[in-house]
1. Restricting the search to the stretch 85-95, which residues are more than 13 Å from the chain's Cα centre (by Cα) and either surrounded by fewer than 24 Cβ atoms within 10 Å (Cβ to Cβ) or β-branched (Val, Ile, Thr) (or both)?
2. Which residues, taken from the stretch 31-54, are touching a helix residue (DSSP H, G or I) at 6+ places or on another chain (Cβ under 7 Å) and part of a helix (DSSP H, G or I)?
3. Against the condition at pLDDT below 65, aliphatic (A, V, I, L, M) and out of contact with any Lys or Arg (no Cβ under 9 Å at 6 or more places or on another chain), how does Ala11 come out, does it pass?
4. Hey, does the stretch 137-144 have a residue that's surrounded by 13 or more Cβ atoms within 10 Å (Cβ to Cβ), part of a loop (DSSP other than H, G, I, E, B) and modelled with pLDDT under 90?
5. Restricting attention to the stretch 122-134, which residues are assigned to a loop (DSSP other than H, G, I, E, B) and buried (at least 19 other Cβ atoms within 10 Å of the Cβ)?
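The values are calculated or read from the model by the stated rules, or taken from the named source; none is laboratory data. Given the structure is predicted, the values throughout are model-derived calculations rather than measurements. When we count neighbours, we look across all protein chains shown, and the Cβ atoms used for this are built from the backbone with ideal geometry, even at glycine.
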Amino acid sequence: MLKTIAQMIRAGILTEKIEAQSGPMGESNELQEKIWKVLGRALCIRHVDAGSCNGCELEIQALNNPYYNLEGRGIKFVASPRHADMLLVTGPVAVNMEEALRRTFDATPEPKLVVAVGDCGACGGIFGKSYASRGGVADVLPVNCTVAGCPPSPTSILRAILHAISSPATTMRQEAKDE
């Protein structure tokens, strides 16, 4: 035991220091400010797997870890589309998921945003359009933003959420005032 402790003292700290406002943390601070400015509350996201290989789901789950801290930044995932502001759709739209995806979109209240995640969500990926696949999400629903990559990094997904929020900001603010 003493030998191990002596080796640790000789080696010192081997990790890198984290910069205060760079990387995903700085972007998520910007994201939180944007969300509160546009919505005035937390952003609620409903994730829909339309037929993916689960690679994108792993990256979306990484967004929930303490490094990205989405809950602390004003973003939360919800179980019902009726409580959602944004749909995060992964995978090519399978024929069997097309109707469920449309119903989820219809159940989401206005103003609603749709982000297609991954190459499969963007254009159908390696599956394309076939007897079992309708292709990308844009072939079924109107999409506000797409994230390229197979799978995309959590930072790329975070940037897409920021882009989707900032694009229709004036429209969302107008509709919020009307209510």
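1. Hits for the stretch 85-95 are Val93, Ala94, Val95.
2. Leu31, Gln32, Lys34, Ile35, Val38
3. Values: at pLDDT below 65: no; aliphatic (A, V, I, L, M): yes; out of contact with any Lys or Arg (no Cβ under 9 Å at 6 or more places or on another chain): yes.
No; evaluated as a whole, the condition is false for this residue.
4. First pass over the stretch 137-144, keeping only residues surrounded by 13 or more Cβ atoms within 10 Å (Cβ to Cβ): 137-141, 143-144.
Remaining after also requiring part of a loop (DSSP other than H, G, I, E, B): 140-141, 143-144.
If we keep only those that are modelled with pLDDT under 90 too, we end up with none.
Scanning the stretch 137-144, I find no residue that is surrounded by 13 or more Cβ atoms within 10 Å (Cβ to Cβ), part of a loop (DSSP other than H, G, I, E, B) and modelled with pLDDT under 90, so the answer is no.
5. Step one: list which residues in the stretch 122-134 are assigned to a loop (DSSP other than H, G, I, E, B), which gives 124-128, 130-132.
Residues satisfying the conditions are Gly124, Phe127.
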